[in-house]
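Encoded as structure tokens, the structure appears first; notes follow it.
The values are calculated or read from the model by the stated rules, or taken from the named source; none is laboratory data. Since the structure is predicted, the reported quantities are computational estimates derived from the model, not experimental observations. In this analysis, Cβ positions are derived from the backbone assuming ideal geometry, glycine residues included, and neighbour counts consider all displayed protein chains.
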There are 2 protein chains.
Amino acid sequence: MKRCDCIRKLLSVAAAILISLSMTAQKGWYRDKTDPMPVVNPDKTVTFRYYAPGADTVQVNGDFLSEKERPALMKNNGNGLWEFTTSAPVQPEIYTYSYIVDNQKVLDPLNMFVWRNISDLYNIFIIPGERTENYQIKDVPHGTVSAVWYNSPSLQMNRRMVVYTPAGYEKGRGKYPVLYLLHGMGGDETAWLDFGRAAQILDNLIAQGKAEPMIVVMPNGNPSQEAAPLENSNGYNLPLFYLPKTMDGTFEESFKDIVSYVDRTYRTVRKKSGRAIAGLSMGGFHSLYISANYPELFGAVGLFSPAVSVQEESKDNNIYRDIDLKWKAQMEKNPPLYWIGIGNEDPLYQDVASLRKKFDLCKYPYTYLESEGSHVWTCWRIYLEEFSQLLFK
Amino acid sequence: MKRCDCIRKLLSVAAAILISLSMTAQKGWYRDKTDPMPVVNPDKTVTFRYYAPGADTVQVNGDFLSEKERPALMKNNGNGLWEFTTSAPVQPEIYTYSYIVDNQKVLDPLNMFVWRNISDLYNIFIIPGERTENYQIKDVPHGTVSAVWYNSPSLQMNRRMVVYTPAGYEKGRGKYPVLYLLHGMGGDETAWLDFGRAAQILDNLIAQGKAEPMIVVMPNGNPSQEAAPLENSNGYNLPLFYLPKTMDGTFEESFKDIVSYVDRTYRTVRKKSGRAIAGLSMGGFHSLYISANYPELFGAVGLFSPAVSVQEESKDNNIYRDIDLKWKAQMEKNPPLYWIGIGNEDPLYQDVASLRKKFDLCKYPYTYLESEGSHVWTCWRIYLEEFSQLLFK
């Protein structure tokens, strides 16, 4: 049979362009391999390989290594190929990694999967297992994920946020409760979606009947920013790591614009019992103060590894003032489901312990989860799984 | 005034984690720089710098270089820093680039902006100018971009597509025309959105009154695939470059599932004059055959650098058989706006010239744009700008 002319031509065109653009000189060892990188071995150890014949040192770094181990030195096999295999099996999780070649961090040329955290990129890989089941895309009904722009009169700005509507929303007529899910410092409206796997977690928990169908609203918590990098009018300029106005009350005061837009635009349950707010790190700080200042709005609050203390110069701000009185009012009448989670190695652990002590003294009810780990996404994905199953029951 | 304790703590936590994860050894020259990379000089030449003290050769590659120039050799300044400045100003456009260090393609560690094309990543940069105005995010009303899953009975699969609804869609009650916009071989439902800048182009043209408000539907044209990499159940496995069933009639036959879902789910103008179909390369091939087989569906057809010829073993397929008769029927009754664009250096140029010759002989009306350039996104963004302004008038 005569071979396909058209596909051959298209492939040769595509290949010619790819080659001319990027692969001209890629004649190294690795293009014969079809294994994805890194290689997960049958015993669940993981092998990393980086080709750098001229380098003095090559290291691999990432959260699959313990703090003591990282970065790990790789060994030159003599042909310019540097190798490292973990000393023990790696537990099921989604991990980040990168290489350091002669003191410069570089990405893995053999792994196309990357995640942008603030202004840095990391490669990512997964060790599949029970822990990661809900992070995967399964053959279950999927919600819709939308990037929408809303007007914020308080900030005098059009701003972007990400909205998850559960499977069946478009076809149905019913009203849905809403979880407002906030990111940490330096993050943006894409964080929970990308590395947080929020859409996959909700799709899977809802399909299993473990979580109620809900809308999840992921706003941008940096009030000086319209949207994430490349999605805002700064174009291709790099963002600052520390953005202004993140913890001075501005975002908290403007939050009503978001709730108002969501209630106007979606079929929502427009009452306290139909709204939850949760966030990680700075987003936990935002959730704490937004829910305390607007206690009529939220029936559930989730603080994931939250920042707690207010900066000195903002202490007189309306939002942060008299927090003890605000908590009292919040807890006295229809106390919300109040959920706190933190890792046992989190640098913010003591601050959260102080908050819990205050709550304990006042006999404010809350649910507490202390997990293994530090100030990392591994914890936050678990907290979202736990918290979302308690909502809107 | 006492400095902010909380932000200081959060920053130190964040910095500690970033450092431990990725930046430990980054003590090179470049971390003092705040310039984004590459550096666009005042005379619009562009300077690239890559730090690789042990390398024998470092090259920079990308579509900002002419085919003769690429890849360009960089010069070692003696301190391990390799430099290259373009010999002439670079014209306003969005470009891709990467480095080649001792025969291995690597990304720029100083540029967080990347684009995934099939299974390869490229850095991207922009030279701002009149040409790129509509690719930027401006302070205009923005449409909503949604990733939605639809059921395809023909393919017996739930599949993902991207849908742009123009600003005002959520608030209004009116019906909107729909442009179905298809990607090329190896691409997926994210291609037009990411590097194609389709949402920005439509936002800006609609805001300027140059294009009618329309819904743009960007399906996945690989019928063996539910969704783009990382968005499908293959998880973190690398995709094949050549996916099966892309040009054997399967996608064309299943296309009615997409139209049917869109007409059921959105407020659409449900008639021929309210539908257009266009695509690049393989997506041009799909547009050609879908519109010829279902002439009652589409009032406008756009072929952007289209593949034209059918593979030998598929020639008897229902979809590809008797194309001359189908064109005759398509062109005789309410002939659609038929638009063809191709670059003067495109390897598919001759195939498109043959198609035009056929159309000319039959006196089928069509609009033709021959642009500078090859089989590249630079052309396809321009074609989308041109074509979308002619629709639904």
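Do you know which of the residues in the range B:82-117 that are among the β-branched types (Val, Ile, Thr) and within 8 Å of chain A (Cβ to nearest Cβ) is surrounded by the most Cβ atoms within 10 Å (Cβ to Cβ)? Out of the qualifying residues, it is B:101.
Have a look at B:384, B:391 and point out the one that is under 18 Å from residue B:285 (Cα atoms) and either part of a helix (DSSP H, G or I) or under 29 Å from the mean Cα position of the chain (by Cα) (or both).
Numbers: B:391 fails: under 18 Å from residue B:285 (Cα atoms).
Among B:384, B:391, only B:384 is under 18 Å from residue B:285 (Cα atoms) and either part of a helix (DSSP H, G or I) or under 29 Å from the mean Cα position of the chain (by Cα) (or both).
The set of residues in the range B:139-153 being polar (S, T, N, Q), more than 7 Å from every other protein chain (Cβ to nearest Cβ) and surrounded by 15 or more Cβ atoms within 10 Å (Cβ to Cβ) consists of B:152 alone. The residue that is surrounded by the fewest Cβ atoms within 10 Å (Cβ to Cβ), among those in the range B:167-181 that are within 14 Å of another protein chain (Cβ to nearest Cβ) and at pLDDT 95 or above, is B:168.
Does residue A:280 count as free of Cβ contacts under 8 Å to residues at least 40 places away in the same chain, hydrophobic (A, V, I, L, M, F, W, C) and within 13 Å of chain B (Cβ to nearest Cβ)?
On the way: free of Cβ contacts under 8 Å to residues at least 40 places away in the same chain: no; hydrophobic (A, V, I, L, M, F, W, C): yes; within 13 Å of chain B (Cβ to nearest Cβ): yes.
In short, no.
Which one of A:186, A:249, A:235 is buried (at least 21 other Cβ atoms within 10 Å of the Cβ) and within 14 Å of another protein chain (Cβ to nearest Cβ)? Write out each step before concluding.
Working: A:249 fails: buried (at least 21 other Cβ atoms within 10 Å of the Cβ); A:235 fails: buried (at least 21 other Cβ atoms within 10 Å of the Cβ).
Unique residue meeting the criteria: A:186.
Of the set (1) surrounded by 14 or more Cβ atoms within 10 Å (Cβ to Cβ); (2) within 12 Å of another protein chain (Cβ to nearest Cβ), all apply to residue A:67 but (1). The residue that is surrounded by the most Cβ atoms within 10 Å (Cβ to Cβ), counting only those in the range A:295-306 that are more than 14 Å from every other protein chain (Cβ to nearest Cβ) and not hydrophobic (A, V, I, L, M, F, W, C), is A:302. Every condition in (1) outside any loop (DSSP other than H, G, I, E, B); (2) within 14 Å of chain A (Cβ to nearest Cβ); (3) surrounded by 14 or more Cβ atoms within 10 Å (Cβ to Cβ) is met by residue B:354 except one, and the failing one is (3).
Restricting attention to the range A:97-124 and to residues that are farther than 20 Å from residue A:59 by Cα and assigned to a loop (DSSP other than H, G, I, E, B), the residue that is nearest to the chain's Cα centre (by Cα) turns out to be A:118.
Filtering B:377, B:339, B:327 for residues that are touching a residue at least 60 places away in the same chain (Cβ under 8 Å) and out of contact with any Ser or Thr (no Cβ under 8 Å at 6 or more places or on another chain) leaves a single hit, B:377.
Name the residues in the range B:341-351 that are assigned to a loop (DSSP other than H, G, I, E, B) and of a type in the set (A, V, I, L, M), would you? Before you say what the answer is, go through the steps one by one.
Taking the range B:341-351 and keeping what is assigned to a loop (DSSP other than H, G, I, E, B), we get B:344-348.
Within the range B:341-351, just B:348 meets the criteria.
So residue A:207 passes all but one of these: (1) over 17 Å from the mean Cα position of the chain (by Cα); (2) at the interface with chain B (Cβ under 10 Å from one of its Cβ atoms). Which condition number does it fail? Just one mismatch for residue A:207, condition (2).
Going by the structure shown, is residue A:126 within 12 Å of chain B (Cβ to nearest Cβ) and over 29 Å from residue B:49 (Cβ atoms)?
Values: within 12 Å of chain B (Cβ to nearest Cβ): yes; over 29 Å from residue B:49 (Cβ atoms): yes.
So residue A:126 passes the test.
Give me the residue from the range A:341-351 that is closer than 27 Å to residue A:217 by Cβ and out of contact with any Asp or Glu (no Cβ under 9 Å at 6 or more places or on another chain) and, out of that set, surrounded by the fewest Cβ atoms within 10 Å (Cβ to Cβ). Within the range A:341-351, the match that is surrounded by the fewest Cβ atoms within 10 Å (Cβ to Cβ) is A:351.
If you go through the range B:61-96 and keep only what is of a type in the set (Val, Ile, Thr) and not in a loop (DSSP other than H, G, I, E, B), you end up with B:85, B:94, B:96.
Rundown of residues vs (1) touching a Lys or Arg at 6+ places or on another chain (Cβ under 7 Å); (2) free of Cβ contacts under 8 Å to residues at least 60 places away in the same chain; (3) under 21 Å from residue B:192 (Cβ atoms); (4) facing chain A (nearest Cβ under 10 Å), yes/no style:
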{"residue": "B:211", "(1), (2), (3), (4)": "no, no, yes, no"}
{"residue": "B:223", "(1), (2), (3), (4)": "yes, no, yes, no"}
{"residue": "B:230", "(1), (2), (3), (4)": "no, yes, yes, yes"}
{"residue": "B:254", "(1), (2), (3), (4)": "no, no, yes, no"}
{"residue": "B:272", "(1), (2), (3), (4)": "no, no, no, no"}
{"residue": "B:293", "(1), (2), (3), (4)": "yes, yes, no, no"}
{"residue": "B:308", "(1), (2), (3), (4)": "no, yes, yes, yes"}
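The lone criterion from (1) part of a loop (DSSP other than H, G, I, E, B); (2) free of Cβ contacts under 8 Å to residues at least 60 places away in the same chain left unmet by residue B:248 is number (2).
Do we find a residue being in a loop (DSSP other than H, G, I, E, B), modelled with pLDDT of 95 or more and within 25 Å of the chain's Cα centre (by Cα) anywhere in the range A:47-59? Scanning the range A:47-59, I find no residue that is in a loop (DSSP other than H, G, I, E, B), modelled with pLDDT of 95 or more and within 25 Å of the chain's Cα centre (by Cα), so the answer is no. With the structure loaded, tell me whether residue B:191 is surrounded by 21 or more Cβ atoms within 10 Å (Cβ to Cβ) and under 20 Å from residue B:229 (Cβ atoms) or whether it fails that test. Yes.
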